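J.: Supplied in structure tokens, the structure appears directly below.
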Amino acid sequence: MFVTEPGSSPVLRLGAASFGYSDQVVVSHVDLSVDPGDVVALLGPNGSGKSTLVRGVLGLADHLGGDVEMFGVPRDRFTDHTRIGYVPQRHSLSASVRATAEEVVAVGRLPHRPWWRPASATDASIVREALATVGLADRARTDVATLSGGQQRRVLIARALAAQPDVLVMDEPTAGVDLASQHVLADVLHRLAARGTTMLIVTHELEALELIVNRIVCLRDGVIDFDGTPAAYAAHELAHEAGRHHHVHVTAPTRGDGRGPLRSPQVVRGRTGGDHA
């Protein structure tokens, strides 16, 4: 297990950690540490294991090996779940459930009081502040079913913020919304980063978040193949692309009678084992 000095615990620390479902390993031997104040973008092609890694950290996927610590506590002994705010990839604000934005965000306060105790003035104030943080103070009494996809995503971020967590874990917060909504969401995350909020963000739209994140972690085929600054990641991707183009060879179909090619040569780009279209 890890040895953690008092007062220096990372928010998250993984040591050779593996996650998956039943006995199927999806992410293997991951070493990762997220410190307070970090804003980490978790990148990778579809099927690389990004969501499984996040779900494994949260206890929603099977922990199949290695060590996992949350705030210096082994994951299987960690109980202070209000310290982690989670915004899932697929939102659950169904049109069949009638609720206002304020009511949805207020759910984030439930873990902080017994089920039988009514919401306090403090709870109401925190809910209002969370809605204001995501730019929806004027939609507090609006039925969430009438909000746009981007607005619903912001309601879910506000719900997570209402729990006053120490870290926000977000799975594709900008996915499935239009470009304008992506920019609004990016502004919200920028304000949170400026406040020192620790964030782990699974994303495909790095461009929308490039001025927010201070670190990029990239998964390929279930393993980490990059962990560093955005500037270093740009160089890494250039090298990776150069490696792809290095595997270019020319083929030409022949007649089968030894008299040469039938037509002009074709360029065939080879792929390395870790590359995904």
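J.: Can you pull the one-decimal nm distance between simple spin-label points at Ala231 and Ala145, each 7 Å off the Cα toward Cβ?
T.: For the pair Ala231/Ala145, the computed spacing is 5.2 nm.
J.: Pairs of alpha-carbon atoms within less than 8 angstrom and 6+ residues apart define the contacts here; what relative contact order does segment 82-213 have, in percent?
T.: Details: 195 pairs, mean separation 44.6, N = 132.
About 34 percent, as a whole number.
J.: Another question, if that's okay. If you count the DSSP beta bridges with both ends in segment 82-213, what percent of them are antiparallel, to the nearest 5?
T.: Restricted to segment 82-213, the bridges split so that about 10 percent are antiparallel.
J.: Summing +1 for each Lys or Arg and -1 for each Asp or Glu, what net charge is found among the other residues whose Cβ lies under 12 Å from the Cβ of Gly196?
T.: On the way: positive: Arg191, Arg195; negative: Asp35, Asp38, Asp166.
My count for the surroundings of Gly196 gives -1.
J.: Which order do Val167, Val155 fall in if you start with the one that has the fewest other Cβ atoms within 10 Å? Before the final figure, lay out each step's value.
T.: Working: Val167 19, Val155 26.
Sorted ascending by nearby Cβ count, the order is Val167, Val155.
J.: Okay, next question. Once you place label points 7 Å from the Cα toward the Cβ at Thr100 and Arg191, how far apart are they in nm?
T.: My value for the distance between the label points is 2.0 nm.
J.: Next question, about the same structure. Please give the peptides 31-40, 208-217 ranked by average Cβ packing (other Cβ atoms within 10 Å per residue), highest first, as a rough proxy for protection.
T.: Values: 31-40: 17.2, 208-217: 19.0.
Ranked by mean Cβ neighbours within 10 Å, highest first: 208-217, 31-40.
J.: If you add up the charges near Thr79, with Lys and Arg at +1 and Asp and Glu at -1, over every other residue whose beta carbon is less than 15 angstrom from its beta carbon, what do you get?
T.: With Lys, Arg at +1 and Asp, Glu at -1, the neighbours total -1.
J.: Given a cut-off of 20 Å, what percent of all Cα-Cα pairs of segment 82-213 lie beyond it?
T.: Numbers: 3516 of 8646 pairs.
Across segment 82-213, Cα pairs with separations above 20 Å total 41 percent.
Readers should treat all values here as calculations from the given coordinates under stated rules, not as data from a laboratory. None of the values given here were measured: they were computed from a predicted structure. Quick reminder, even Gly has a Cβ in these numbers, built from the backbone with ideal geometry, and neighbours come from all protein chains shown.
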